[in-house]
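To start, the structure under review is shown below, and the notes come after it.
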Amino acid sequence: MASLRTHQYWVYFLTNKGNTVLYIGVTSDIQQRIFDHRTGKDKHSFAWTYQCWKLIHLEEFNNITDAIAREEQLKNWQRKWKNELLEKENPEWKDLALDWDYSGWFDPADPPEGFYRQNMKENWGGPYANSAQGRSANAQGEGGYTEP
């Protein structure tokens, strides 16, 4: 008798800090794949080159054929349609992997390149960067990365 195993596949969107670049991929191990993207496992990849490390969309599938078909469909969509999907599902384009636990994956005293962006909150830039509020925060030494 054949074994009935449940498989899990993910179609996902990554974006960069400014939300200007989208990367769409498919994987069977989403946590490992995001770790690979954020640590530059392939330094010549699109995601690494364009700093797409923020996970902003996930779709789950039980069949790899369906997942690949959906990935191809999304890659052929106009950017406007992708943005509309993201605005509906994740209107603030929050990092869905922000709280994922990677303890034990690396030495915290020597994190992999790029990984610090996973657990750190950026304090400069954003909508208030050029306002008095933003300049004041940076002048007081509050710029950079801190624990969330």
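The values are calculated or read from the model by the stated rules, or taken from the named source; none is laboratory data. As the structure is a prediction and not an experimental result, all values here were calculated from the model. Reconstructed Cβ throughout: ideal geometry from the backbone, glycine too, with neighbour counts over all protein chains shown.
Please enumerate the residues belonging to the range 56-73 that are out of contact with any strand residue (DSSP E or B) (no Cβ under 7 Å at 6 or more places or on another chain) and under 24 Å from residue 16 (Cα atoms).
Hits for the range 56-73 are 72, 73.
Restricting to the range 74-99, what's the tally of residues that are out of contact with any strand residue (DSSP E or B) (no Cβ under 6 Å at 6 or more places or on another chain), part of a loop (DSSP other than H, G, I, E, B) and of a type outside the set (S, T, N, Q)?
So the answer is 6.
Please work out if residue 82 is more than 11 Å from the chain's Cα centre (by Cα), of a type in the set (Lys, Arg) and at pLDDT below 90.
no
Starting from the range 78-102, take each residue that is closer than 10 Å to residue 56 by Cβ and list its partners that are of a type in the set (Lys, Arg), counting only C-beta distances under 7 angstrom and pairs at least six apart or across chains.
Qualifying pairs under 7 Å: 95/54.
Given the conditions (1) touching a helix residue (DSSP H, G or I) at 6+ places or on another chain (Cβ under 9 Å); (2) over 28 Å from residue 105 (Cα atoms), which single one is not true for residue 78?
Evaluating residue 78 over (1) touching a helix residue (DSSP H, G or I) at 6+ places or on another chain (Cβ under 9 Å); (2) over 28 Å from residue 105 (Cα atoms) leaves (1) as the failure.
Only one of (1) surrounded by 20 or more Cβ atoms within 10 Å (Cβ to Cβ); (2) more than 16 Å from residue 85 (Cβ to Cβ) fails for residue 56. Which number is that?
Of (1) surrounded by 20 or more Cβ atoms within 10 Å (Cβ to Cβ); (2) more than 16 Å from residue 85 (Cβ to Cβ), only one is false for residue 56: (2).
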